Structures are given as structure tokens and as C-alpha cells.
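Q: So that we are looking at the same thing, I have put the structure below in C-alpha cells.
The values are calculated or read from the model by the stated rules, or taken from the named source; none is laboratory data. If you're wondering where the values come from, they're calculated on a predicted model, not measured in any experiment. So basically every Cβ, Gly included, is an ideal-geometry build from the backbone, and we count neighbours across all protein chains shown.
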Amino acid sequence: MKTTQSERFWSHVVTGPAADDCWIWTGAIADDGYGRFWTKDGDGQKVIRPQRFAYQLATGTPLPPSVLLLHACDVPICVHAVADAAESHLSEGTHKTNMLDRAQKNRHANRWSAWRFNGLARQERAQRSRDLRDVILTHGWDPERMSGALAGVEESHPRLF
Ligand SMILES: [Zn+2]
């Protein structure tokens, strides 16, 4: 049986065990620190940010390019999108609401927000996203290793968060 596009998508996602955990994209990550998912588009291919793909799957509605998605958890490669806005890590916003959202921080903060992607330079953010992905690809969902890798500490010195 042929794999559908959404099956292929979810094969690149690792979800944390807790309800409010992030769902981490483990596919391609571009130099901006955000993921990239290639989809078939007729005979060609189209690239989409995984969080937008996940959000459209969750809502069943195409997202116009002008609509930005906000990450309540601040983890750029999180694709935890669900129809219930109270549970979703992703919501629609404008640049303005993005700023407001940052001002009223931690609405959805979970322990992963301690990774503090927010405010990082582009290159650092990309590196952090890739480090997070790589530790998950190697070890699965392992909170100590995930935090350790992102904090740049030895794996033998687990970090409190
Ligand atoms: Zn998240």
C-alpha cells in the first residue's frame, strides 16, 4: 500500500509522553532553525514548514501564506497542533499578536520552554534545533539527554529544569 503524505509526515515526528509535551519534527531542518517538509505537488515537489502542515491537518483548513503561526512553547521544530486552541502549541497570529504573545509569555510554557529558543540568533537557533533532533533520533524521547544536549553540558551531568 502506498504511504500517504500524512503518514510520511508523522514518520518524522516524535511525540513526548505527556499531554502537554512537544511533538518534535525530526526531518530536515533549514538554516533558520525551522523544519522543512517536502510534499508532492503534481509532478513536482513543494516545500512546507512542518508546523504549518501539522496545523492544516489538525484544522482541516488550508492556511493562507499571509497567516503566521505562533509557537506557544517557543520550540521552532514543535508540530503539536490540535484543533482545541487550549491544547495546541500552535496558533494563528500576526506580527503584532506575536509581539503581544511574547510580552505575556509562558501562557503555554512547559518544561521544554526552558530551552529558550526565543531571542537566539538564527545560527544558534538552527544549531539548537538540529541538536535536539539528533539526540531524539539517536536516543528517542529522553528528557535528560534532550536538555543536556541543548544546554551544552555533558550527558553524564543531567541538568535540572
Ligand atoms: Zn511545543
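Q: Of the residues that sit in the stretch 65-78 and are within 23 Å of ARG8 (Cα to Cα) and at pLDDT below 95, which one is farthest from the ligand (Cβ to nearest atom)? Before you say what the answer is, go through the steps one by one.
A: So the first thing to find is which residues in the stretch 65-78 are within 23 Å of ARG8 (Cα to Cα), and the list is 65, 69, 71, 75-78.
Right, trim to at pLDDT below 95 and you get 65, 69, 71, 75-76.
Details: PRO65: 22, LEU69: 12, HIS71: 6, VAL75: 5, PRO76: 10 Å.
Per the stated criteria, the residue is PRO65.
Q: Hey, among the residues in the stretch 51-64 that are closer than 17 Å to ARG8 by Cα and among the aliphatic types (A, V, I, L, M), which one's nearest to the ligand (Cβ to nearest atom)? Walk me through how you get there before you give the answer.
A: Here is the first cut: in the stretch 51-64, the residues closer than 17 Å to ARG8 by Cα are 51-58.
Next, only the ones that are among the aliphatic types (A, V, I, L, M) stay: 54, 57-58.
Working: ALA54: 11, LEU57: 16, ALA58: 13 Å.
Out of the qualifying residues, it is ALA54.
Q: So, one more: Restricting to the stretch 10-36, and then to whatever is charged (D, E, K, R) and within 16 Å of LEU132 (Cβ to Cβ), can you tell me which residue is surrounded by the most Cβ atoms within 10 Å (Cβ to Cβ)? Walk me through how you get there before you give the answer.
A: Residues of the stretch 10-36 charged (D, E, K, R): 20-21, 31-32, 36.
With within 16 Å of LEU132 (Cβ to Cβ) added as a condition, the list becomes 21, 31-32, 36.
Working: ASP21: 19, ASP31: 11, ASP32: 14, ARG36: 14.
Among those residues, the one meeting the criterion is ASP21.
Q: As an exercise: evaluate GLU87 against (1) within 16 Å of the ligand (Cβ to nearest atom); (2) buried (at least 16 other Cβ atoms within 10 Å of the Cβ); (3) at pLDDT 85 or above and give the number of the one condition it does not meet.
A: (2)
Q: If you don't mind, there's one more thing I want to ask. One residue is enough: does the stretch 141-150 have a residue meeting the conditions surrounded by 17 or more Cβ atoms within 10 Å (Cβ to Cβ), closer than 23 Å to HIS12 by Cα, within 16 Å of the ligand (Cβ to nearest atom) and at pLDDT 90 or above?
A: Among the residues of the stretch 141-150, not one is surrounded by 17 or more Cβ atoms within 10 Å (Cβ to Cβ), closer than 23 Å to HIS12 by Cα, within 16 Å of the ligand (Cβ to nearest atom) and at pLDDT 90 or above, which makes the answer no.
Let's see how each residue does on (1) touching a residue at least 12 places away in the same chain (Cβ under 8 Å); (2) within 16 Å of the ligand (Cβ to nearest atom):
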{"residue": "LYS2", "(1), (2)": "no, no"}
{"residue": "SER6", "(1), (2)": "yes, no"}
{"residue": "ILE24", "(1), (2)": "yes, yes"}
{"residue": "ALA28", "(1), (2)": "no, no"}
{"residue": "ARG49", "(1), (2)": "yes, yes"}
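Q: Further question: Looking at the stretch 30-47 only, could you name the residues that are more than 16 Å from the ligand (Cβ to nearest atom) and out of contact with any strand residue (DSSP E or B) (no Cβ under 7 Å at 6 or more places or on another chain)?
A: Within the stretch 30-47, the first condition is being more than 16 Å from the ligand (Cβ to nearest atom), and the residues that meet it are 30-32, 36-47.
Scanning the stretch 30-47 gives ASP31, ASP32, LYS40, ASP41, GLY42, ASP43, GLY44.
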